[in-house]
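Engineer: Have a look at the structure that comes next, please.
The values are calculated or read from the model by the stated rules, or taken from the named source; none is laboratory data. Since we're looking at a predicted model, the values are computed, not measured. Cβ sites come from the backbone with ideal geometry, for glycine too, and all protein chains shown count toward neighbours. Quick note on the areas: whole protein, heavy atoms, side chains included, nothing else; ligands and nucleic acids left out. Shrake-Rupley method; radii C 1.70, N 1.55, O 1.52, S 1.80 Å.
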Amino acid sequence: MPESVRPRPSVLYRWTVLIFISVAMGGDYYIYDSINPLERIFIDQLGFSATQFGWLNASYSVAAVLTLLIGGIVIDRIGTKKAITFFALLCLAGAVLTAVKGQPVTMIAGRTVLGLGAESLIVAVSTALAKWFKGKELSFAFGINLTIARLASVAADNSPTWANSVFYPQGPAGPPSWRGPLLLAIGAGGLSVVTALIYWSLETRAENRYELGKAGAVDRLDFRQMFRFNASYWYVVVLCFAFYSAIFPFRTFAIDFFTNKILGGQGGIAASEAVRVLAHERAGFFNSLLPLSAMVATPLFGLLVDRVGKRALFMMFGSILLMPVYLMMAYSDVSLWLPVSMMGIAFSLIPAVMWPSVAYIVDQSRLGTAYALMTLIQQIGFFIMNLLIGNANDYSRAGLQHVGGYALGMWIFSVLGFVGLAFAILLRIRETGPHGHGLETITTASASA
């Protein structure tokens, strides 16, 4: 059939595609976060140190940096349907390698393989979505895609609750399993591969029957352009570095910290096994509040910022919220609901405010490099902070017998809040001056005028 007379895929067909590729992406989110509830189990049963546990995600970040250099090339060469399947297979291989042997070196290697596949899978899915959706529909599709993926993170954090029998196969009084939860991650990886293959079939069928849009451009890192960005761009980059480095590495260690903080108020080392299991479940729930809050609050903040502007002012507010939360958790007996909720609001501001702001600051022709460079610097932040907090917890002997040992790591995270505030102020000063790009003034009303 001539392409000029081919119809667009039906709404049902396109949203079916969206569901399958979103589930494929959610699989890699689940695998990444599947280790969050396992730090203390790895330390007690496998002889891990907190630093070695930090390496599990630090190695992921090293691999993710490599994918920024080669992932886009692979996607362009083999196409989205093959790329999504290939990278989903890499994620599955990483999950298998992590679970096959309870040794730090093998597990770190598995997480490295996961890093090679996961970040490129996200890029490939984002690229594919542009084939199927256009205009405002595309923004909504991206929102649904991210919501499904973040639900996988919520499921991973709460796995000690809904998969309790996998964590404690002999009951609460028995030893927890380190491998059982990792087998669940393998299952998530398998589901990712299956849904990727279904997407391959759907796209192949559509290519023969429908008119598809052009795949979205892959963000490319052009080092020649790095030094041509203006000060506002670099302030935004540092803001994103500070916020994401304070939140994602925190999530790596948070469940162990939350569990021992909760137990500290319920008998400490004298707490029964049943109480310890319940504390583990509650800790997973509190950690899951961060992606849950982002799912709800990010689009609402996006609508608010588009209406009122004041983007740098919002980031100053987010920094002020972030600065005290870690010290509140370390030194006070206030309910975890308060600091975690404050952190969730701050976490929601980055995708709602800072990422879209880059489009106002950077020329359209250089957006790919701008976003790729931001992602690169964020991954460097994740690498540094995962190792730094792991070393801090080891140095302070953080654990149930010394809950105060977590305070050093909490101070390190708090410093990033102060860094965020400093650069939010610098951004505010620049954007209200003669070299501003409209971050404080552009609204939906002014854009349509």
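Engineer: Taking only protein heavy atoms into account and a 1.4 Å probe, give the accessible area per residue of the range 367-449 in Å².
Structural biologist: With all protein chains present, the range 367-449 gives 45 Å² per residue.
Engineer: Give me the percent of the accessible area of the chain that comes from carbon and sulfur atoms, probe 1.4 Å, all protein chains in place.
Structural biologist: Details: 12320 of 18380 Å².
Solvent-exposed carbon and sulfur of the chain make up 67 percent of the total.
Engineer: Now a separate question. To the nearest 20 debye, what is the magnitude of the charge dipole of the range 151-306 about its Cα centre, counting +1 on the Cβ of each Lys and Arg and -1 on the Cβ of each Asp and Glu?
Structural biologist: On the way: 11 positive and 10 negative charges, 41 e Å.
Roughly 200 debye for the range 151-306.
Engineer: Have a look at GLY438, LEU408, MET385 and report the one farthest towards the positive end of the charge dipole of the chain, computed about the Cα centre with Cβ charges (Lys/Arg +1, Asp/Glu -1).
Structural biologist: Of GLY438, LEU408, MET385, it is GLY438.
Engineer: Any idea of ASP44's accessible area? Nearest 10 Å², probe 1.4 Å.
Structural biologist: The accessible area comes out at roughly 110 Å².
Engineer: Between LEU327 and GLU273, what is the label-to-label distance in nm when each label sits 7 Å out along the Cα-to-Cβ direction?
Structural biologist: 4.1
Engineer: Which one of ALA128, LEU182, THR106 has its Cα pushed farthest toward the positive end of the charge dipole of the range 60-200, where Lys and Arg give +1 and Asp and Glu give -1 at the Cβ?
Structural biologist: Working it through, the farthest residue towards the positive pole turns out to be ALA128.
Engineer: Quick one: putting +1 on the C-beta of Lys and Arg, -1 on the C-beta of Asp and Glu, what dipole do you get for the chain around its Cα centre, in Debye to the nearest 20? Please list the in-between numbers first.
Structural biologist: Numbers: 31 positive and 23 negative charges, 161 e Å.
About 780 debye.
Engineer: In addition: Which value at 222 nm does the chain reach when only helices count, each DSSP H run of 4 or more adding -39,500 (n - 2.57), with the total divided by all residues and rounded to the nearest 500 deg cm²/dmol? Don't skip to the end; give the middle numbers.
Structural biologist: On the way: 17 runs with 342 residues, N = 449.
Taking each H run of at least 4 residues, the total per residue is -26000 deg cm²/dmol.
Engineer: Hey, could you grab the Kirkwood Rh for the range 159-315? Inverse mean 1/r over distinct alpha carbon pairs, Å, one decimal. If you can, show how the numbers build up before the last one.
Structural biologist: Values: mean 1/r = 0.0482 Å⁻¹.
It works out to 20.8 Å.
Engineer: Additional query: Pairs of alpha-carbon atoms within less than 8 angstrom and 6+ residues apart define the contacts here; what relative contact order does the chain have, in percent?
Structural biologist: Averaging sequence separation for qualifying contacts and normalising by length gives 24 percent for the chain.
Engineer: Oh, and also: Determine how large the accessible area of SER59 is when every protein chain is in place; take a 1.4 Å probe and give Å² rounded to the nearest 10.
Structural biologist: Accessible area of SER59: about 10 Å².
Engineer: Report the Stokes-Einstein translational diffusion coefficient (µm² s⁻¹, integer) for the chain, Rh taken as the Kirkwood radius over Cα pairs, at 25 °C with viscosity 0.890 mPa s. All intermediate terms of the calculation are to be shown ahead of the outcome.
Structural biologist: Working: Rh = 22.7 Å.
In µm²/s, the coefficient rounds to 108.
Engineer: Count of lysine pairs in the chain with Cα atoms under 20 Å apart, counting only pairs 8 or more residues apart in sequence or on different chains?
Structural biologist: On the way: LYS81/LYS131; LYS81/LYS134; LYS81/LYS214; LYS82/LYS131; LYS82/LYS214; LYS131/LYS214; LYS134/LYS214; LYS136/LYS214.
Step by step, the pairs that qualify in the chain add up to 8.
Engineer: Determine the sum of side-chain charges near PHE382: Lys and Arg each +1, Asp and Glu each -1, restricted to other residues whose C-beta is under 14 angstrom from that of PHE382. Can you show the working numbers first?
Structural biologist: Working: positive: ARG111, ARG251; negative: ASP33, GLU119.
Neighbourhood net charge equals 0.
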